[in-house]
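Okay, structure first, notes after.
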Ligand SMILES: *Cc1c(COP(=O)(O)O)cnc(C)c1O
């Protein structure tokens with residue numbers, strides 16, 4: 001990156017991040033290093049000793065994610081086997097018996113499902129919704145504030161800077177789940193968070209072919225605690241997954257820009273349909289979250305959510321889609337959609353659809369959706 005001292009743009013950074021300096025006869029991105037152990041004579045010295053501690057393929061990906069989440073700083077990133085590996089490692093490495101954690105009441109349901117385990121460990125858990133910065137009201141005496149914005153699946157948005165300032169004033173650490181936005185959509189550490197945490201399974205890697213998670217922080221003591229937790233529980237990514245994710249980063253800016261444009265086109269088309277209610281996408285000027293979102297986000301993600309009259313109507317719609325496949329997850333190059341209530345656990349109506357636009361042509365996605373809506377009537 002030495003030739004890019006003058007604050008390179010997002011595309012340039014996502015293409016070059018974490019790649020080694022060009023050396024004659026070496027590849028641009030060295031392949032995955034498959035090693036359970038490394039040659040290690042005599043005393044134990046780093047960087048590479050045992051495969052659960054460190055791996056050179058992770059190191060390059062970690063440097064790349066740091067360059068996207070927190071350019072121009074000494075931030076450290078740790079990659080994990082999944083988003084939940086990263087989330088659980090931050091929560092469980094930071095709190096102990098007697099502490100209080102504030103979680104969003106409307107966040108990704110597997111994050112909320114840690115509540116029971118935390119309570120069994122003697123950690124008090126308070127829940128408040130993302131919208132309206134309601135978590136600010138329950139910070140008294142908390143050790144950690146967990147934010148997810150935009151929230152999955154409801155797409156509500158909170159003011160990260162405002163909540164981070166309030167949490168720090170109350171003596172709490174702040175972690176932000178940055179999965180939906182990606183680091184090219186928002187940079188939580190610049191907005192005051194102590195941790196930016198995400199699932200790399202979604203838009204970051206973007207091809208629906210791997211699971212990955214990461215944690216980025218500028219505070220070395222916090223990084224050391226999370227690193228030790230990763231080593232202790234062994235929530236480590238395979239070198240192949242890490243390498244594929246790194247390779248995919250080169251197209252991150254292209255993908256998220258296209259998805260943002262497609263999401264806007266789809267939102268605009270859905271707003272015209274009388275049978276479709278509660279259309280949400282934070283990038284749309286009419287969305288209730290748009291003002292807060294636009295103040296802290298550069299791009300608004302691939303997800304559009306909306307509600308059809310009932311379960312049967314939503315199922316007819318999903319099975320009438322031709323281009324878009326029915327699948328969970330989001331952020332992939334292919335458009336996917338699902339009836340979220342089929343999983344249980346989220347406070348959404350039976351006809352609620354979470355739609356993730358891919359990088360197909362906007363006209364084709366919109367045509368597919370309008371055709372399926374007509375068929376489902
Ligand atoms: C998917 C998701 C996760 C969990 O990530 P995995 O890689 O599936 O473990 C966490 N947070 C959000 C917001 C998600 O969408």
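What follows draws every value from the coordinates through simple rules; no lab data is involved. The structure displayed is predicted, hence computed values, not measured ones. Note that we place each Cβ from the backbone using ideal geometry, even for glycine, and neighbour counts take in every protein chain shown.
Mind running the shape call on segment 69-130? Use the C-alpha gyration tensor, a ≥ b ≥ c as the square roots of the eigenvalues: rounded below 1.5 for a/c, prolate if a/b tops b/c, oblate otherwise.
Working: a/c = 1.88, a/b = 1.66, b/c = 1.13.
Note, shape of segment 69-130 comes out prolate.
Can you work out D for segment 1-132 in µm² s⁻¹ from Stokes-Einstein, where Rh is the Kirkwood radius over C-alpha pairs, the temperature is 20 °C and the viscosity is 1.002 mPa s?
Numbers: Rh = 18.3 Å.
Rounded to a whole number, D works out at 117 µm²/s.
When ranked by the protection proxy of mean other Cβ atoms within 10 Å per residue, highest first, what sequence do the peptides 326-334, 344-352 form? Intermediate values should be presented prior to the final figure.
Details: 326-334: 18.8, 344-352: 16.7.
Ranked by mean Cβ neighbours within 10 Å, highest first: 326-334, 344-352.
Using only the Cα atoms of segment 204-299, each taken as one equal point scatterer with no solvent, compute I(q) by the Debye sum, divide by I(0), and report log10 of the ratio at q = 0.14, 0.15, 0.19, 0.22 Å⁻¹.
-0.79, -0.85, -1.01, -1.09
On full extension of the chain, what length is gained from residue 50 through residue 261, given 0.36 nm per residue of separation minus the C-alpha to C-alpha distance? Please list the in-between numbers first.
Values: separation 211, 0.36 × 211 = 75.96 nm, distance 4.42 nm.
Taking residue 50 through residue 261 to full extension adds about 71.5 nm, to one decimal.
So how many Å³ per residue does the convex hull of the Cα atoms of segment 251-376 work out to?
On the way: hull volume 12.7 nm³, N = 126.
Looking at segment 251-376, the number lands at 101 Å³ per residue.
Given a Förster radius of 30 Å and the C-beta distance between residue 310 and residue 120 as r, what FRET efficiency does 1/(1 + (r/R0)^6) yield to the nearest 0.05?
0.20
Under a point spin-label approximation (7 Å from Cα along Cα-to-Cβ), what is the residue 228-residue 74 distance to one decimal in nm?
Computed distance between label sites residue 228 and residue 74 equals 1.9 nm.
Write down the percent of antiparallel bridges among all DSSP beta bridges whose residues are both part of segment 84-232, to the nearest 5. Intermediate values should be presented prior to the final figure.
Details: 4 of 19 bridges.
Close to 20 percent.
Give me the Debye-computed log₁₀ of I(q)/I(0) at q = 0.13, 0.15, 0.19 Å⁻¹ for segment 108-180, equal point scatterers on Cα only, no solvent, two decimals.
So the normalised log intensities work out to -0.36, -0.48, -0.77.
Got the relative contact order for segment 251-376 handy, in percent, Cα pairs under 8 Å and 6 or more residues apart?
The normalised contact order for segment 251-376 reaches 27 percent.
List 240, 297, 84 from most exposed to least, where exposure is judged by having the fewest other Cβ atoms within 10 Å. Before the final figure, lay out each step's value.
Values: 240 13, 297 24, 84 19.
Arranged by neighbour count, lowest to highest, 240, 297, 84 become 240, 84, 297.
Among 56-67, 219-230, how do they line up by average Cβ neighbours within 10 Å per residue, starting with the highest? All intermediate terms of the calculation are to be shown ahead of the outcome.
On the way: 56-67: 23.0, 219-230: 16.8.
So the peptides 56-67, 219-230, ranked by packing, come out 56-67, 219-230.
Once you have the Kirkwood Rh of segment 243-297 from its Cα pairs, apply Stokes-Einstein at 37 °C and 0.692 mPa s and quote D in µm²/s.
Working: Rh = 12.9 Å.
Reported coefficient: 255 µm²/s.
Quick check: pseudo-label points 7 Å beyond the Cα along Cα→Cβ at residue 377 and residue 35, how many nm apart are they?
6.4 nm
Among DSSP beta bridges whose residues both lie in the chain, state the antiparallel percentage, nearest 5.
55 percent
Among 308-317, 189-198, what's the highest-first ranking by average C-beta atoms within 10 angstrom per residue?
On the way: 308-317: 18.1, 189-198: 24.1.
Per-residue mean Cβ counts within 10 Å order the peptides as 189-198, 308-317.
Can you compute the FRET efficiency between residue 28 and residue 162 using 1/(1 + (r/R0)^6), with r the Cβ-Cβ distance and R0 = 45 Å? Round to the nearest 0.05. It would help to have the intermediate numbers written out before the result.
Working: r = 42 Å, r/R0 = 0.93.
Working from the Cβ atoms, E equals 0.60.
Relative contact order for segment 3-250: what percent, with Cα pairs under 8 Å and sequence separation of 6 or more?
Values: 478 pairs, mean separation 59.0, N = 248.
Once divided by the residue count of segment 3-250, the mean separation gives 24 percent.
Kirkwood hydrodynamic radius for the chain: how many Å is it when counted over pairs of different Cα atoms?
Its Kirkwood hydrodynamic radius stands at 21.3 Å.
Answer rounded, prolate or oblate for segment 134-231, using the Cα gyration tensor with square roots of eigenvalues a ≥ b ≥ c: rounded when a/c is under 1.5, else prolate when a/b is larger than b/c, else oblate. Numbers along the way, then the final one.
Values: a/c = 2.13, a/b = 1.28, b/c = 1.67.
Oblate, because a/c is 1.5 or more while a/b does not exceed b/c.
So between residue 327 and residue 105, what do we pick up on full extension, going 0.36 nm a residue minus the alpha carbon distance? Could the numbers behind the result be given before it?
On the way: separation 222, 0.36 × 222 = 79.92 nm, distance 2.41 nm.
Computed gain between residue 327 and residue 105 is 77.5 nm.
Rounded to the nearest 500, what is the chain's calculated 222 nm mean residue ellipticity when only DSSP H runs of at least 4 contribute -39500 (n - 2.57) each, over all residues? Numbers along the way, then the final one.
On the way: 12 runs with 131 residues, N = 377.
Using -39500 (n - 2.57) per qualifying helix, the result is -10500 deg cm²/dmol.
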